[in-house]
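S.K.: Starting off with a structure, shown below.
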Amino acid sequence: MSSRRSRPSRAGRQIGALLCLLALAGCGFRPVYGPAPAGKADAVDQLAAVRIEPLRDRSGQQLHNFLRDELNPRGQPIDPAYKLQVTLTQRTVKLAFRQDETATRANVILKTDFVLRSTKDDRVLYSGRVSSINSYNILDDQYPTDISKADAVRRGLRELSQSIKLRLAVYFSTAEGQDL
């Protein structure tokens, strides 16, 4: 005995998709990078108005550069409306061990605390914390191990910069971020 399941027709699928879109429009959904309400700056313009404060050490400089690429693709703002302060911590945890107790794998754990401030009155507008964990192999030769670790750090820093950008974009696209 065979049973055939009936599939919705093409028109039924189109009606279902239309109903989903109407439901999204009714709940106030608006794309993060979409146009802003009349008289307000959109998230992209507000991100471009953020000056990133310098960070110390090599990893901090790399994070600063990744953030500049994400937030200010056309260059640093001349008259920034916001400043972003970022604190970066980095830790390495060894994972896999051989019988002679030498590690063969490690995680690089990167954490950032960030604070977005208004340049007018230095008040805190938004703050948050993001983290990233990336693994690398510990090899018998030091040079390839160093290269592998540097790549894991670079991947993690890029992830952090993208996460910070996304959180700031969501903040700027909300009513709270639009009131500035």
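The values are calculated or read from the model by the stated rules, or taken from the named source; none is laboratory data. This structure is a prediction, so every number in the text was calculated from the model and none was measured. Don't worry about glycine lacking a Cβ; one is built from the backbone with ideal geometry, like all the others, and counts go over all protein chains shown. Note: areas computed on protein heavy atoms with side chains; ligands, DNA, RNA excluded. Shrake-Rupley method; radii C 1.70, N 1.55, O 1.52, S 1.80 Å.
S.K.: Could you work out the local net charge near ARG129, counting Lys and Arg as +1, Asp and Glu as -1, over the other residues with Cβ closer than 12 Å to its Cβ?
M.R.: +1
S.K.: For the charge dipole of segment 38-128, defined by +1 on Lys and Arg C-beta atoms and -1 on Asp and Glu C-beta atoms about the Cα centroid, which residue among PRO77, LEU125, ALA106 has the Cα displaced farthest towards the positive pole?
M.R.: Farthest towards the positive pole: ALA106.
S.K.: How big is the Cα convex hull of segment 123-166 in projection, averaged over all directions, in nm²?
M.R.: Working: hull surface 15.2 nm².
Value for segment 123-166: 3.8 nm².
S.K.: Provide the FRET efficiency to the nearest 0.05 for the SER135-THR102 pair, computing r from the beta carbons and using R0 = 22 Å.
M.R.: The value I calculate is 0.85.
S.K.: Continuing with the same structure: Note down the nm distance, to one decimal, between modelled labels 7 Å out along Cα→Cβ at ALA17 and at VAL44.
M.R.: Label-label distance for ALA17 and VAL44, simple model: 2.5 nm.
S.K.: Lysines near LYS149 by alpha-carbon distance under 24 Å, same-chain residues fewer than 8 away left out - which ones?
M.R.: Excluding near neighbours in sequence, the set is LYS94, LYS111.
S.K.: For segment 53-180, what % of the accessible area comes from carbon and sulfur atoms, probe 1.4 Å?
M.R.: C and S atoms contribute 45 percent here.
S.K.: Kirkwood-based Rg over Rh for segment 107-180 (C-alpha set), two decimals?
M.R.: Over the Cα atoms of segment 107-180, Rg/Rh equals 1.19.
S.K.: Also, I was wondering about something else. Can you tell me the alpha carbon radius of gyration of segment 42-109 divided by the globular rule-of-thumb value 2.2 N^0.38 Å?
M.R.: Dividing the Cα radius of gyration by 2.2 N^0.38 Å gives 1.64.
S.K.: Follow-up question, since we're still on this one. Once amide H atoms are placed 1.01 Å from N in the peptide plane, what residues at a sequence separation of 5 or more from THR119, or on another chain, have their amide H within under 5 Å of its amide H?
M.R.: TYR82, LYS83
S.K.: For labels at ARG123 and ARG74 in the simple 7 Å Cα→Cβ model, what's the distance in nm?
M.R.: Those two pseudo-labels are separated by 2.8 nm.
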